[in-house]
Amino acid sequence: MAQTENAVLQPPRHIAIIMDGNGRWAKQRGLPRTAGHAAGAETFRTIANYCRTLGVEYLTVYAFSTENWKRSQEEVSGIMKLLGNYLTEALRDMEKNHVRFRFFGDLSRLSPQLQKLCAEAQDKSAGFGDVQVNFCLNYGGRDEIVRAARAFAQDVAAGKYQPQDLSESLLSGYLYSAGVPDPELIIRPSGELRTSNFLLWQSAYSEYVFMDVLWPDFGPRELDRAIEEYHRRNRRFGGV
Ligand code: FPP
């Protein structure tokens, strides 16, 4: 794949993306929403490969939120099918691609087959490290924090900790993202200017780049532009 002209800039270690705009992309073409998600899945493949080429260490994508169950049965099963197809393919090509997979979210609501694919992808790729892809699946940022608080409370009840032991770093260890550095850059295509319950804790100091392009039309050039914009920002972490 050709790298675009801006790729010489050092990319952030961790990029997170809200893959938004699939439905509108399909509507503009008179296609069913599932066709938009299929195009979005292709874009994800391109961007994951590009991130690997650039040397990005972590790519986190919002694939299905805790709120997305409200969509039609047809749309939900279409997205699940695309995920299943992708993971089957990723398991087949694992030795070639060296991508490591993690899953953030409550997977227990997914079909047993998809849960099995997620577990296999996570286990079998654990030793790889070209890029780590974190799929947020049945994920919500508030839900993640509630679960972490609940798990800590259980450990307090079990006598493992005292309430005053809780610190930011201890709480981080109870999140789905335990051990993963926070994203420096979060990209939301499609023109929406919201965080939509994505990585609420982890995004405390992230740079957001909102772009007008719909996700199926997003490509390496757009990723380069977002990285460029990230480099223009002056990250101070609350200092001067
Ligand atoms: C948001 O766009 C997108 C989703 C809710 C689903 C994202 C899923 C994929 C890209 C496919 C998953 C598969 C792989 C392999 C990554 P939207 O439907 O809300 O778009 P709209 O706002 O234009 O309606």
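Values quoted throughout were computed directly from the atomic coordinates according to the rules given, and no laboratory measurement underlies them. Everything numeric in this text was worked out from a predicted model, so none of it was measured. A quick note on method: Cβ atoms are made from the backbone with ideal geometry, for glycine too, and the neighbour counts reach across all protein chains shown.
At a glance:
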quantity: Whole-percent pair-distance distribution, where bins are 10 Å wide, for the alpha carbons of the stretch 168-240; calculated: 17, 43, 32, 8
quantity: Order of TRP25, TRP201 under a 10 Å beta carbon neighbour criterion, fewest first; calculated: TRP201, TRP25
quantity: Highest to lowest packing among 146-158, 76-88, 49-61, scored as the average C-beta count within 10 Å; calculated: 49-61, 76-88, 146-158
quantity: Neighbourhood charge, 12 Å Cβ-Cβ cut-off, centred on ASN197 and excluding it, Lys, Arg +1 and Asp, Glu -1; calculated: -1
quantity: Proximal lysines relative to LYS96, as straight alpha-carbon distance under 19 Å, when same-chain residues fewer than 8 apart are discounted; calculated: LYS124
quantity: Order by protection proxy (mean Cβ within 10 Å, highest first), peptides 109-119, 183-193, 126-136; calculated: 183-193, 126-136, 109-119
quantity: Convex hull volume per residue for the chain, taking Cα atoms only, in Å³; calculated: 141 Å³
quantity: Per residue Cα convex hull volume in Å³ - calculated over the stretch 163-205; calculated: 94 Å³
quantity: Cα gyration tensor shape of the stretch 46-182, rounded if a/c is under 1.5, else prolate or oblate by comparing a/b with b/c; calculated: oblate
quantity: Taking all pairs of distinct alpha-carbon atoms in the stretch 1-97, Kirkwood radius in angstrom; calculated: 15.0 Å
quantity: Neighbourhood charge, 13 Å Cβ-Cβ cut-off, centred on VAL61 and excluding it, Lys, Arg +1 and Asp, Glu -1; calculated: +2
